[in-house]
1. Tell me whether region 167-183 contains one or more residues that are under 21 Å from the mean Cα position of the chain (by Cα) and on the phi > 0 side of the Ramachandran plot.
2. Considering only region 438-475, state which residues are among the β-branched types (Val, Ile, Thr) and touching a helix residue (DSSP H, G or I) at 6+ places or on another chain (Cβ under 8 Å).
3. Take the residues in region 381-395 that are assigned to a strand (DSSP E or B) and surrounded by 24 or more Cβ atoms within 10 Å (Cβ to Cβ); name whichever of them is nearest to the ligand (Cβ to nearest atom).
4. Inside region 1-32, can you point out the residues that are over 12 Å from Asp90 (Cβ atoms), assigned to a loop (DSSP other than H, G, I, E, B) and touching a helix residue (DSSP H, G or I) at 6+ places or on another chain (Cβ under 8 Å)?
5. Considering each of Thr89, Thr13, Thr28, Thr98 in turn, give the residue that is under 17 Å from Thr182 (Cβ atoms) and surrounded by fewer than 23 Cβ atoms within 10 Å (Cβ to Cβ).
6. Quickly run through region 431-459 and pick out the residues that are in a loop (DSSP other than H, G, I, E, B), surrounded by 16 or more Cβ atoms within 10 Å (Cβ to Cβ) and not hydrophobic (A, V, I, L, M, F, W, C).
7. May I ask you to list pairs of residues, at least six apart or on different chains, whose Cβ atoms are under 7 Å apart, with the first in region 194-217 being among the acidic types (Asp, Glu) and the second being in a helix (DSSP H, G or I) and within 16 Å of the ligand (Cβ to nearest atom)?
8. Tell me, yes or no, whether region 225-248 has at least one residue that is in a helix (DSSP H, G or I), touching a residue at least 24 places away in the same chain (Cβ under 8 Å) and away from the ligand (no atom under 16 Å from the Cβ).
Amino acid sequence: MRHYGLFIDGSFTTAGEGETFAAVNPFTGRPWAELREASASEVGAAAEAAALAQPGWAATNGATRAQILNRIADVIVEHADEMAVFESTDNGKIIRETSSQMLFAARLFRFYAGYADKLFGSTIPLDNPTIFDYTLREPYGVVGLITAWNSPITLLCNKLPAALAAGNAVVVKPSEHASVSTLEFCKLLSEAGLPPGVVNVVTGGAAVGAAMVEHPAISKISFTGSPGVGRKIGAAAGAQLKPVTLELGGKSPNIVFDDADPEAATIGALAGIFGATGQTCVAGSRLLVQRGLYDEITERLAARAATIRLGDPLDTASEMGTVANKPQFDRILASIEAAKSDGARLVAGGGAATGEALGDGLFIQPTIFADVRNDMALAQTEIFGPVLAILPFDTEEEALSIANDIPFGLASGIWTKDISRAMRLVPKLKSGVVWVNTYRMVAAQAPFGGTKESGHGRERGAEGIMEFTTTKNVMIDFSSEARDPFAIKN
Ligand code: NAD
């Protein structure tokens with residue numbers, strides 16, 4: 001068993017006020033680390049440590065901040081293998097994926113290091129020529145970063161390097177279902193020279209996150225998680241007029257037209273739903289297939305799904321790991337049973353996966369339902385697991401109507417060789433991301449985020465850093481004239 005305190009002001013606390021809870025390995029079913037549920041006063045201590053450290057960090061010049069962020073990237077790369085093992089042990093995601101996620105985390109640190117000394121404002125010509133007007137991009141101060149369990153380091157690094165590059169200090173709260181990699185990550189930050197108090201981590205559940213939202217020293221919240229919790233955080237933050245960025249769930253349409261390359265579309269659909277065991281916000285969980293390719297794609301997918309290699313998340317040969325935790329495992333199985341009784345046609349999987357190599361792991365078979373109607377719960381509810389719904393369509397208009405008929409708006413996929421069709425559809429799809437002839441592709445430079453119930457605000461890219469700065473406008477009157485406030489202006 002490993003034991004972790006909270007990470008406050010550059011070191012781990014040794015004695016805690018609150019209860020402890022266990023991190024459970026979803027492959028073995030056994031607890032492997034003990035964590036602390038932070039009390040409200042410990043959340044306060046983390047927020048105050050951040051508030052004390054932030055002015056010094058913001059005053060550190062951009063070039064030095066960039067140097068530290070680049071050093072953090074180096075240290076992440078050096079420790080990528082062990083960090084991947086922590087994360088895969090914690091949430092059952094295959095090591096192939098967590099390893100590449102660590103390298104992407106380093107990439108994001110380097111990307112935002114480049115912004116640390118380039119947070120330019122603008123000069124603005126006014127009507128009055130003797131007033132010099134310019135803007136400054138300033139940090140919020142202390143920001144709270146609250147993340148989900150499916151990819152703790154990726155979700156954190158969609159936020160953290162941008163927040164730091166802009167001169168903020170942070171309090172982080174990872175999910176109670178997968179906190180270890182985030183805590184281990186802190187050691188790397190100190191090793192790379194980040195001053196104490198600039199990054200603090202508190203662990204625990206909903207009450208800890210709620211205390212962060214309430215704390216007056218925390219000026220902004222950036223949240224990744226479910227729409228239900230996003231709503232609560234938005235409301236609590238709104239009551240205090242505190243800004244929030246919300247990265248929420250999805251039920252994304254992946255649309256295959258008759259003229260698509262069937263092999264590429266099949267692989268894209270598989271990657272869209274079975275990558276990360278389907279536990280990804282951008283899962284292409286609604287596959288819309290035009291009638292001419294419908295049977296072929298359905299058969300190809302069913303055949304490929306049956307060959308996906310489930311296994312120990314730490315084995316590099318495994319292609320799909322476990323579900324991350326027991327409550328999620330139970331929810332996914334319940335959704336599969338509900339889809340069966342709603343009359344969707346099961347063409348692959350359909351339940352828990354067992355076998356000698358799978359031990360007591362929380363494995364679910366790659367599951368596919370065909371002939372799904374868009375009004376079924378299977379087509380409307382985010383399952384966050386390896387369950388694909390295939391829906392047939394006849395025309396482009398029908399595909400568009402089904403694609404947009406959903407409360408979510410995170411991502412969409414289009415598979416077609418007809419570039420005119422793709423260009424026609426892109427502006428009509430109500431989602432923050434559109435992929436054409438690819439799916440689940442990410443880049444440090446490309447902004448990411450949702451519309452509708454998938455949230456608001458953007459991460460990554462140039463827009464990502466804007467979420468962590470506010471604009472100050474400055475007017476300097478250099479006329480040397482005393483301006484009579486009662487004079488009539490023409
Ligand atoms: P969740 O909403 O249950 O929990 C997310 C975090 O919020 C956890 O750290 C949790 O402890 C905390 N929390 C819970 N109640 C809170 C409250 N009242 N106040 C403050 N914090 C609170 O989500 P989850 O089950 O961990 O993750 C799955 C969800 O996350 C899915 O809906 C998925 O689509 C979404 N997600 C979105 C993205 C994205 O970038 N859009 C990425 C990954 C996951």
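1. The first filter runs over region 167-183 and keeps only residues under 21 Å from the mean Cα position of the chain (by Cα), leaving 168-183.
Adding the requirement that they be on the phi > 0 side of the Ramachandran plot leaves none.
No, that holds for no residue.
2. Residues of region 438-475 among the β-branched types (Val, Ile, Thr): 438, 442, 451, 465, 469-471, 474.
Once the filter is applied, which keeps residues that are among the β-branched types (Val, Ile, Thr) and touching a helix residue (DSSP H, G or I) at 6+ places or on another chain (Cβ under 8 Å), region 438-475 yields Thr438, Val442, Ile465.
3. Filtering region 381-395 for residues assigned to a strand (DSSP E or B) gives 387-393.
Now restrict to residues that are surrounded by 24 or more Cβ atoms within 10 Å (Cβ to Cβ): 387-391.
Details: Val387: 14, Leu388: 16, Ala389: 16, Ile390: 21, Leu391: 20 Å.
Looking at residues that are assigned to a strand (DSSP E or B) and surrounded by 24 or more Cβ atoms within 10 Å (Cβ to Cβ), I get Val387.
4. Result: Leu6, Asp9, Gly10, Thr13, Gly16, Glu17, Gly18.
5. Values: Thr89 fails: surrounded by fewer than 23 Cβ atoms within 10 Å (Cβ to Cβ); Thr28 fails: under 17 Å from Thr182 (Cβ atoms); Thr98 fails: surrounded by fewer than 23 Cβ atoms within 10 Å (Cβ to Cβ).
None of the others qualify; the one that does is Thr13.
6. Once the filter is applied, which keeps residues that are in a loop (DSSP other than H, G, I, E, B), surrounded by 16 or more Cβ atoms within 10 Å (Cβ to Cβ) and not hydrophobic (A, V, I, L, M, F, W, C), region 431-459 yields Ser431, Gly432, Asn437, Tyr439, Arg440, Pro447, Gly449, Gly450, Glu453, Ser454, Gly457, Arg458.
7. Once the first residue is among the acidic types (Asp, Glu) and sits in region 194-217, its partners that are in a helix (DSSP H, G or I) and within 16 Å of the ligand (Cβ to nearest atom) give Glu214/Ala236.
8. Narrowing region 225-248 to residues in a helix (DSSP H, G or I): 227-239.
Filter once more, keeping what is touching a residue at least 24 places away in the same chain (Cβ under 8 Å): 227, 230, 233, 236-237.
Still in the running and away from the ligand (no atom under 16 Å from the Cβ): none.
For region 225-248, residues in a helix (DSSP H, G or I), touching a residue at least 24 places away in the same chain (Cβ under 8 Å) and away from the ligand (no atom under 16 Å from the Cβ): absent.
The values are calculated or read from the model by the stated rules, or taken from the named source; none is laboratory data. Remember, it's a predicted structure, so these values are computed and weren't measured experimentally. Because the Cβ atoms are built from the backbone with ideal geometry, glycine has one as well, and the counts that use them run over all protein chains shown.
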